[in-house]
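**Student:** First the structure, then my questions, so here it is.
The values are calculated or read from the model by the stated rules, or taken from the named source; none is laboratory data. Just so you know, these numbers come straight off a predicted model, no measurement behind them. Every residue, glycine as well, gets a Cβ built from its backbone with ideal geometry; the counts of neighbours run over all protein chains shown.
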Amino acid sequence: MAFDPSQLPSLLNPEQLRAATHSDGPLLVLAGAGSGKTRVITYRIANLVVAHGIEPWRILAVTFTNKAAGEMRERLERLLGYQAGEAWISTFHSTGARILRREGEAIGLPSSFVIYDEADQLAEMKRVMKAMGVDPKLVDPRKVLARIDDAKNHARTPADLAKRQAFDELSRLLPELYRRYQEALSVAGAVDFGDLLMRWVELFEEHPDILRKYQNRFRHVLVDEFQDTNRVQYRLLQMLAGDGRGLCVVGDDDQAIYRWRGADVTNLLSFPEDFEGAEVVKLERNYRSTQLILDAAHAVISKNRDRMEKRLWTEEQGGAPLVLIVARDERDEAMRVADQVRDLLRAGTEPAEIAVFYRTNAQSRVLEDAFRLGRIPHQIVRGRSFYDRAEVKDLAAYLRLALNPRSNADALRVINKPARGIGDTTVGRVEAAAAEWGVSIVDACRQAAQIPGLNAGAQGRVRSFATLVGKLAALAATEGSTAGEVAEEALQLSGMEAAFQTDGSDEALDRLENVRELVGAAKSWDEGWTPEVDAGDPDAEAPMALAAFLEQISLLGDADEKVQGPKVSLMTLHASKGLEFEQVFLTGMEETVFPHSRSLGEHGGEEELAEERRLCYVGFTRAKRRLVLSLASSRVLFGDLRFNPPSRFLGDVPRELFGIDAATARIPSRPQGIHVVYDEEELDREQAEIDLGDDDGFEEEVFVDYSFDQRPAPAPRARPPTPPRGAMPIRRERQDPARSAGGFTIGSPVRHSAFGVGMVEGIDGDKISVRFPGVGVKRVVDRFLQRV
DNA sequence: TGAGCGTCAATTAGC
DNA sequence: TTGACGCTCA
């Protein structure tokens, strides 16, 4: 064993040590960004096992992402070896799935239940609405699902919702839609993600004996990212951990960015009151960033109220100054970020150490264009993609049917895949019959002769689909059958392989490739598969290889989607949480972009804005060595041009933290209250419309000049064409040619408010090309130039 | 069945 | 502006 408890004091700082070794009684670890919390959790577990003699299977550690769980398990394995495998270290959802598979029968859930993803849920909801005669145009099925998800996050049943006053159509219909949706899932032997938690609660509430079993078992419960827990999760923890003795939660209220999906920071903030005698340990020493970056981050986050006071510090004093890029528009911004990234790569920075963040996915397009154009190796970091491909989901649906033929979402998905002459009409009749008889789709197909309206041909086709599913199910149920075998068989018997081959197009062959990859994944899963033995519950039945494989697909992302070669990462701020990079670029630092417009004005209250601020804090604290912030003076959004003022978060960062950005020579740094000055000349709305016409976007003049002073953000004086904080749409319009003035000659010196003095190199109507020393050639509208 | 077209909406996203 | 979706027509 690699772990020796007596060495802990030399491995951890005093606070970490206290957190890792505290015993007896609830513990809240407030772990600032980069303060080594995973380290603390793993050492804590190791210490429990080795120093306190706790059997590993008595330990439950829950996280939010598989990645976090994987990392934790890996680190624990290094400390404890094989014993680490006996601890339950997984996500809330995986834990729920595991417990429900074992105990779900008690609440009427078959152990072979399938887990519906968003697409399955949507399809199911559409069917429910259709059956209820609700027009999907009037009531958006996605919104219904969102509301149901929200209800599940709060552990609310359809009956709970029915008690509430409904003010709109959706709310009025919601309880019944919710009830029928659950009924449909039940018929299908399916659960959705929310159910993995909510039905788990239901199980514990209705069966105290089962709850007691797990309470007795898990002497220690550790929770990572506690600020992200929602009501249901909190309730589960309360039930499992009782008075909280043995409960250790780790989190950071400053990194709470998931309120919108049900997370409730109060779980963390009120932990000391909820669990009497709770010990609170603050980890404020940071091992990731430079002090300068931490200062910038603190400047932003400290403006939030209702936070647990803490301030990160590091021994890495100083650090590279922040850089501010002020770009003309979003394309310019993307190009300049790409340019700087290229410079870094040339200077030897590893691509994997560079990341570019943005608030919304829509911003990624221009960035990707610029990176592609600049031939910079990059990847957009998003969720899974392989398992989201249609053909892969199709084959997976056959596999799920093999295990659980009742799964209607899967049956309806593949009943006519590949095309086998079962059209919409037939499917509709099958569905109606299934609903009428209260049986599953596949069961109904088996009774094809009884289904009203089906002609002999349709009956035959429908029945053979049922036979197909039956064969796969029989194979899956055969003792010793493997996931790979079933997958292979499904590919053949379903006719998918033949269909792709017959088609023969590049696209079809591509898809064939993908489904074969899934078969390959199943086979390699078999190779690594050993039925689990739960040291804490030897009687628990181990799932079959196929079941485990499918669960992996449902709950895990693309484990196999490996990054090929070193690449620069592009991602949303939300996706950046938990990661770290040497060099971080944070783009779109503009009001209405970040903070997002939805958090401003009538849309958002104080809490929304506070969450944006935390998001900014998360973004800043990802940077290890250097942080580059960028904004665009103008930006095309939803087809029209907007001029957004600089983000208020920029204004929160003390100016001394910024260096000089060579590319925007006149803008030295940034002070209190960044404020916008619209060029020297007064710029009015009409003028703003000048010359933004050329669609290539590269020869426009900068109209808006960001300059800085110490005054607390005065209202933009040169009459902003917009209220200072709002975005203003301005239509693109060409300037009236008659207005263009001349008077400039090639070779003569001119002065520009932002670029300084330069030499005229070319004249094209009202656009003058000027070479500015240190800046390069700019195409500038003449009225912004002065003869010198 | 799938290409083509009009409509409509438009954070963030883990499991 | 993009994209997702549903509907229509060949």
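**Student:** Mind checking which pairs have a first residue in segment A:621-636 that is β-branched (Val, Ile, Thr) and a second that is more than 16 Å from DNA strand C (Cβ to nearest atom), Cβ under 6 Å, 6 or more apart or different chains?
**Tutor:** Cβ pairs passing all conditions: A:621/A:33; A:621/A:297; A:628/A:323; A:628/A:585.
**Student:** I'm checking my understanding of the structure. Among residues of segment A:331-364 that are crowded, with 19+ Cβ neighbours inside 10 Å and within 16 Å of DNA strand B (Cβ to nearest atom), which one is nearest to residue A:595 (Cα to Cα)?
**Tutor:** A:359
**Student:** Could you tell me whether segment A:621-640 includes any residue that is buried (at least 24 other Cβ atoms within 10 Å of the Cβ), within 16 Å of DNA strand B (Cβ to nearest atom) and among the hydrophobic types (A, V, I, L, M, F, W, C)?
**Tutor:** no
**Student:** Something else now. Just need a number here: residues in segment A:202-218 that are among the aromatic types (Phe, Trp, Tyr) and in contact (Cβ under 8 Å) with a residue 60 or more places away in the chain. Steps first, answer last, please.
**Tutor:** The initial filter retains those residues of segment A:202-218 that are among the aromatic types (Phe, Trp, Tyr), namely A:204, A:214, A:218.
Narrowing further to those that are in contact (Cβ under 8 Å) with a residue 60 or more places away in the chain: A:214, A:218.
So the answer is 2.
**Student:** From the list A:89, A:148, A:99, which one is away from DNA strand C (no atom under 16 Å from the Cβ), crowded, with 19+ Cβ neighbours inside 10 Å and farther than 30 Å from residue A:217 by Cα?
**Tutor:** On the way: A:89 fails: farther than 30 Å from residue A:217 by Cα; A:99 fails: farther than 30 Å from residue A:217 by Cα.
Being away from DNA strand C (no atom under 16 Å from the Cβ), crowded, with 19+ Cβ neighbours inside 10 Å and farther than 30 Å from residue A:217 by Cα holds for just one of A:89, A:148, A:99, which is A:148.
**Student:** From the set of residues in segment A:365-379 that are in contact (Cβ under 8 Å) with a residue 24 or more places away in the chain and farther than 19 Å from residue A:350 by Cβ, which is farthest from DNA strand B (Cβ to nearest atom)? So that I can check it myself, show each step before the final result.
**Tutor:** Filtering segment A:365-379 down to residues in contact (Cβ under 8 Å) with a residue 24 or more places away in the chain leaves A:366-371, A:373-374, A:376-379.
Subset that is farther than 19 Å from residue A:350 by Cβ: A:366-370, A:373.
Values: A:366: 14, A:367: 13, A:368: 14, A:369: 17, A:370: 18, A:373: 22 Å.
Here the answer is A:373.
**Student:** Also: With the condition being within 12 Å of DNA strand B (Cβ to nearest atom), I'd like the helices (runs of 4 or more DSSP H) fully within segment A:63-162 carrying at least 2 qualifying residues.
**Tutor:** On the way: elements: A:66-80, A:92-103, A:118-132, A:141-153, A:158-162.
Result: A:66-80, A:92-103, A:118-132, A:141-153.
**Student:** May I pose another question? If you take the residues in segment A:368-414 that are among the basic types (Lys, Arg) and in a helix (DSSP H, G or I), which one is surrounded by the most Cβ atoms within 10 Å (Cβ to Cβ)?
**Tutor:** Looking only at segment A:368-414, we keep the residues that are among the basic types (Lys, Arg), and these are A:372, A:375, A:382, A:384, A:389, A:393, A:400, A:406, A:413.
Narrowing the set further to residues that are in a helix (DSSP H, G or I) leaves A:372, A:393, A:400, A:413.
Details: A:372: 11, A:393: 21, A:400: 29, A:413: 21.
Filtering segment A:368-414 for residues that are among the basic types (Lys, Arg) and in a helix (DSSP H, G or I), the one surrounded by the most Cβ atoms within 10 Å (Cβ to Cβ) comes out as A:400.
**Student:** Of all residues in segment A:595-615 being surrounded by 22 or more Cβ atoms within 10 Å (Cβ to Cβ) and in contact with a Leu (Cβ under 8 Å, 6 or more places away or on another chain), which is farthest from residue A:644 (Cα to Cα)?
**Tutor:** Looking at residues that are surrounded by 22 or more Cβ atoms within 10 Å (Cβ to Cβ) and in contact with a Leu (Cβ under 8 Å, 6 or more places away or on another chain), I get A:615.
**Student:** Let me ask something else about it. For segment A:1-48, give me the residue count where each residue is in a helix (DSSP H, G or I), of a type in the set (Ser, Thr, Tyr) and buried (at least 20 other Cβ atoms within 10 Å of the Cβ).
**Tutor:** Start the filter on segment A:1-48 by keeping residues that are in a helix (DSSP H, G or I), which leaves A:5-11, A:14-21, A:37-48.
Applying the additional criterion that residues be of a type in the set (Ser, Thr, Tyr) yields A:6, A:10, A:21, A:38, A:42-43.
The next check asks that each one be buried (at least 20 other Cβ atoms within 10 Å of the Cβ); those that pass are A:42-43.
The total comes to 2.
**Student:** Being modelled with pLDDT under 90 and in contact with a Ser or Thr (Cβ under 8 Å, 6 or more places away or on another chain) is the filter; apply it to segment A:454-488 and report the residue that is nearest to residue A:402 (Cα to Cα).
**Tutor:** A:458
**Student:** Ok, one more. Kindly list, by first and then second residue, each pair from a residue in segment A:595-619 that is assigned to a loop (DSSP other than H, G, I, E, B) to a residue that is of a type in the set (Val, Ile, Thr), limited to pairs with Cβ atoms under 8 Å and residues at least 6 apart or on different chains.
**Tutor:** If the second residue must be of a type in the set (Val, Ile, Thr), the pairs left are A:600/A:592.
**Student:** Which condition breaks for residue A:328 when tested against (1) surrounded by fewer than 20 Cβ atoms within 10 Å (Cβ to Cβ); (2) away from DNA strand B (no atom under 16 Å from the Cβ); (3) basic (Lys, Arg)?
**Tutor:** (1)
**Student:** Determine, yes or no, whether residue A:668 is at pLDDT 80 or above and farther than 19 Å from residue A:254 by Cβ. Spell out the reasoning first.
**Tutor:** Values: at pLDDT 80 or above: no; farther than 19 Å from residue A:254 by Cβ: yes.
The answer is no for residue A:668.
**Student:** Please go through segment A:268-284 and give me each residue that is on the phi < 0 side of the Ramachandran plot and assigned to a loop (DSSP other than H, G, I, E, B), ordered by number. First the steps, then the outcome.
**Tutor:** Residues of segment A:268-284 that are on the phi < 0 side of the Ramachandran plot, as a first pass: A:268-276, A:278-284.
Matches in segment A:268-284: A:270, A:275, A:276, A:278, A:284.
**Student:** Residues that are surrounded by fewer than 22 Cβ atoms within 10 Å (Cβ to Cβ), within 13 Å of DNA strand B (Cβ to nearest atom) and under 28 Å from the mean Cα position of the chain (by Cα): does segment A:415-429 have at least one?
**Tutor:** Here is the first cut: in segment A:415-429, the ones surrounded by fewer than 22 Cβ atoms within 10 Å (Cβ to Cβ) are A:416-425, A:427-429.
Still in the running and within 13 Å of DNA strand B (Cβ to nearest atom): A:416-425, A:427-428.
Keeping just the survivors that are under 28 Å from the mean Cα position of the chain (by Cα) gives none.
Checked segment A:415-429: no residue is surrounded by fewer than 22 Cβ atoms within 10 Å (Cβ to Cβ), within 13 Å of DNA strand B (Cβ to nearest atom) and under 28 Å from the mean Cα position of the chain (by Cα).
**Student:** Do we have residue A:338 as within 16 Å of DNA strand C (Cβ to nearest atom), free of Cβ contacts under 8 Å to residues at least 40 places away in the same chain and touching a helix residue (DSSP H, G or I) at 6+ places or on another chain (Cβ under 8 Å) here? Write out each step before concluding.
**Tutor:** On the way: within 16 Å of DNA strand C (Cβ to nearest atom): no; free of Cβ contacts under 8 Å to residues at least 40 places away in the same chain: yes; touching a helix residue (DSSP H, G or I) at 6+ places or on another chain (Cβ under 8 Å): yes.
No: the conditions fail for residue A:338.
**Student:** Out of curiosity, is residue A:51 surrounded by fewer than 20 Cβ atoms within 10 Å (Cβ to Cβ) and assigned to a helix (DSSP H, G or I)?
**Tutor:** So residue A:51 fits the description; yes.
**Student:** Can you confirm whether residue A:288 is among the basic types (Lys, Arg), in contact (Cβ under 8 Å) with a residue 12 or more places away in the chain and under 16 Å from residue A:617 (Cα atoms)? Don't jump to the end; show me each part of the working.
**Tutor:** Working: among the basic types (Lys, Arg): yes; in contact (Cβ under 8 Å) with a residue 12 or more places away in the chain: yes; under 16 Å from residue A:617 (Cα atoms): yes.
It is true that residue A:288 is among the basic types (Lys, Arg), in contact (Cβ under 8 Å) with a residue 12 or more places away in the chain and under 16 Å from residue A:617 (Cα atoms).
**Student:** Moving on. Within segment A:632-657, restricting attention to residues that are closer than 16 Å to residue A:325 by Cβ and in a strand (DSSP E or B), which residue is nearest to DNA strand C (Cβ to nearest atom)?
**Tutor:** Within segment A:632-657, the match that is nearest to DNA strand C (Cβ to nearest atom) is A:635.
**Student:** Quick one: in segment A:647-657, which of the residues that are buried (at least 24 other Cβ atoms within 10 Å of the Cβ) and of a type outside the set (Phe, Trp, Tyr) is farthest from residue A:366 (Cα to Cα)? Talk me through it step by step, then tell me what you get.
**Tutor:** Residues of segment A:647-657 that are buried (at least 24 other Cβ atoms within 10 Å of the Cβ), as a first pass: A:647, A:649-650, A:653.
Keeping just the survivors that are of a type outside the set (Phe, Trp, Tyr) gives A:647, A:650, A:653.
Values: A:647: 20, A:650: 22, A:653: 27 Å.
For segment A:647-657, the residue satisfying everything is A:653.
**Student:** Which pairs have Cβ atoms under 7 Å, sit 6 or more apart or on different chains, and link a residue in segment A:56-81 that is under 17 Å from residue A:95 (Cα atoms) to one that is aliphatic (A, V, I, L, M) and part of a strand (DSSP E or B)?
**Tutor:** A:60/A:221; A:61/A:89; A:61/A:222; A:62/A:223; A:69/A:89; A:72/A:61; A:72/A:89; A:73/A:89
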